[in-house]
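Take a look at the structure below.
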Amino acid sequence: MDRLWAPPLPASVRVDDDAATEAHDLPGTQGLPLALADLPDEQRHALVRWDPIDGSLGVGGRSRSGRTTTLATVGRMLLARGHVVHAVGGPALLDLIPTHRRTGTTTGTDDAPRAVRLVRALTAAGRAEARARRADQRQGAGGPRDVLLVDDVADLRTLLESVPDASRDPLTDLVRSGTAVVVAGSAREITRLAPDLAGRIILAAGDRHEDVADGMPPGLAGGRAAPGRGVWMPAPASGTPAVCQVLLGPGRRDTRGGDDPQAGTSPRAGEEIPAAAPLRITALPERVAAADLDPCARGVARDGDTGRPGRDAAQADGSVRPLRLPVGLGGDDGDTGRPGRDAAQADGSVRPLRLPVGLGGDDGGTVALDVCAGAVVAGPPGSGRSTALRTIAEAAAARGALLGTLGLPWPGSDQHLPEPRTAAQIRAAIDAWVSRLVEATDGASGRRAAPPLIVVVDDLDRLGARFPAEVEALARVRGAGGALVAGTSLEGAASTHRGPLPELRAGRAGIVLGASDRRYPMTLGGRPVWTLIGPNAAPGRGTVVDGSTTVSVQIAEPSGDRQEVPTERSRLRVSGSPRQVDGSRW
């Protein structure tokens, strides 16, 4: 006998339950199963589906309404269907995202650089893919996609809008970029994004007035409040709202949804695999030792390269990644690779001097700063500025490139002046540095010996206030072919207009430590450099700027053993140089 009406929606239903597998699809939906909808006028249930290619999805509800579980379930099903899944949220979400070869970056909003970098990278990727689809309708129409899960969208919106150089609404920019996003938060936050969503689920609050205030149609409001129970709200003109029960993943041991932590470690037969490894932005450690840095990293990370030494140079398409030879290794000009070779190029320019300063970038690998033309290290007290300068000085000394130090803890001599007390001391040190630079110059060619020689100065702005004439005399070092690496406060870097600081600031090389200060924006090469760190970030967290690229970094702590620090005349034979800063932006 035919039923007069469909049974009520179950309080809990899994994607592989009979109630879900036997239901027909809700018209206008496609893709992965999302919820079981009640269609009383048709006396049946229907399966609500969602496909990332159709756009972004919203899940709105109060605490304990099931919104985080919904996100995690969607994430596991996306992984099982070949998509790459990223996540930004609290432990309640991140703990539910399984370890999988297609799991990308998972981070909380407390790790500001990673969250901002992830959103910006996905926004750029979404725009590029949208342009490709417009150019060729067939391109990008299907296949694996990057999908971002966001729990508590209000926290992420606040973080993104706090970035000094952010657009007016970075979150909306992300949703409109073409990258598929599954956002969860309060129903009112989700309603704010509704015009740009392919659909949304408003989870019931159990009170008619509250449900209507959350955006439910009055005729469907006030229903049962249970985890996962809500109303499916399709995009305007694409369907009719319906009461629904969000689907849970399959049984715990069914790996189709990725619930098994061991699932997804290897591809199944016939499974579509993304062409490139997922974007995984590594969390930076709180402390880094100088011994952790790789002085022989191969070069610039590009085209998805992780930057780790020893990675196969072959690209996915069979081409070979260019191998950038470091200073001191053989090249087309017939260099034998012996240390101490003249640093001057055929055109008279000086070879780069890239010194490892810490771990950073998307891959968490060694980050190097090119100091051959000088650099600025700026940061407030307690940011790790002096530590960064000591790390640079030690790395330069190991290369035989350290000419001297000023205002930096170091064994005292005519080359190193840890605590300058008189103008005469500074003038004597400058005279000694210039003399050594003259000695290191080939009189016949006028070329400087490799590598370039540098002077590391701490608190240059304060020294300039005490010894203005002597600090201006540091220009003699640069005039003789040396380079300055100067430490300064953010205020000093922004407001000093005499001495070597303005010239160094005009270059595009340096390290900016600590959170950005809107009152004193750090400017390098005519462009502001903003850093973003969490409230409890360790000293040494900041941004390395090298040319047109910037990268987040945790500065390494120097070894502290300076009893046998080599002079600028000694040469340490190395088999490579640290990789250059890659093009990532946090």
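The values are calculated or read from the model by the stated rules, or taken from the named source; none is laboratory data. All values derive from a computational prediction rather than experimental measurement. Note that each Cβ is placed from the backbone with ideal geometry, even for glycine, and that neighbours are counted across all protein chains shown. Each accessible area value is taken on the protein alone, full model and side chains, heavy atoms only, with ligands, DNA and RNA left out. Shrake-Rupley method; radii C 1.70, N 1.55, O 1.52, S 1.80 Å.
Give me D for region 59-193 in µm² s⁻¹, whole number, from Stokes-Einstein with Rh from the Kirkwood sum over alpha-carbon pairs, 4 °C and 1.567 mPa s. The diffusion coefficient I find is 85 µm²/s.
Looking at region 1-73, the trypsin sites (Lys or Arg not before Pro) that sit in a DSSP loop and have at most 13 other Cβ atoms within 10 Å of their own Cβ are ARG3, ARG64.
Placing pseudo-labels 7 Å out from each Cα toward the beta carbon at ALA11 and ARG287 gives an inter-label distance of 5.1 nm.
I need the fraction of alpha carbon pairs in region 454-539 separated by more than 23 Å, rounded to a whole percent.
On the way: 861 of 3655 pairs.
Of all Cα-Cα pairs in region 454-539, 24 percent lie more than 23 Å apart.
Computed over protein heavy atoms with a 1.4 angstrom probe, the accessible surface ordering of ARG131, ARG117, largest first, is ARG131, ARG117. Under 5 Å between amide hydrogens, built in the peptide plane, is the criterion, and for ASP362 it picks out nothing among residues at least 5 positions away or on other chains.
Subtracting the Cα-Cα distance of THR172 and ARG101 from their residue separation scaled by 0.36 nm leaves 22.7 nm. Legend: calculated FRET efficiency, THR441 to ARG498, from the Cβ-Cβ distance at R0 = 22 Å, rounded to 0.05, equals 0.20. For region 1-117, the solvent-accessible area of protein heavy atoms averages 44 Å² per residue (probe radius 1.4 Å; ligands and nucleic acids excluded).
Can you tell me the mean projection area, over all orientations, of the convex hull of region 41-100's alpha carbons? Units nm², please. Each step should come with its number before you reach the end.
Numbers: hull surface 23.5 nm².
Averaged projected hull area, Cα only: 5.9 nm².
All other residues with a Cβ under 13 Å from the Cβ of LEU36 taken together, and with Lys, Arg as +1 and Asp, Glu as -1, what is their net charge? Its environment carries a net charge of -2.
Tell me whether region 94-135 comes out rounded, prolate or oblate; compute the Cα gyration tensor, take square roots of the eigenvalues as a ≥ b ≥ c, and use a/c under 1.5 as the rounded threshold. Spell out each step's value before the answer.
Working: a/c = 4.19, a/b = 1.65, b/c = 2.54.
Oblate is the answer for region 94-135, as a/c is 1.5 or above yet b/c matches or exceeds a/b.
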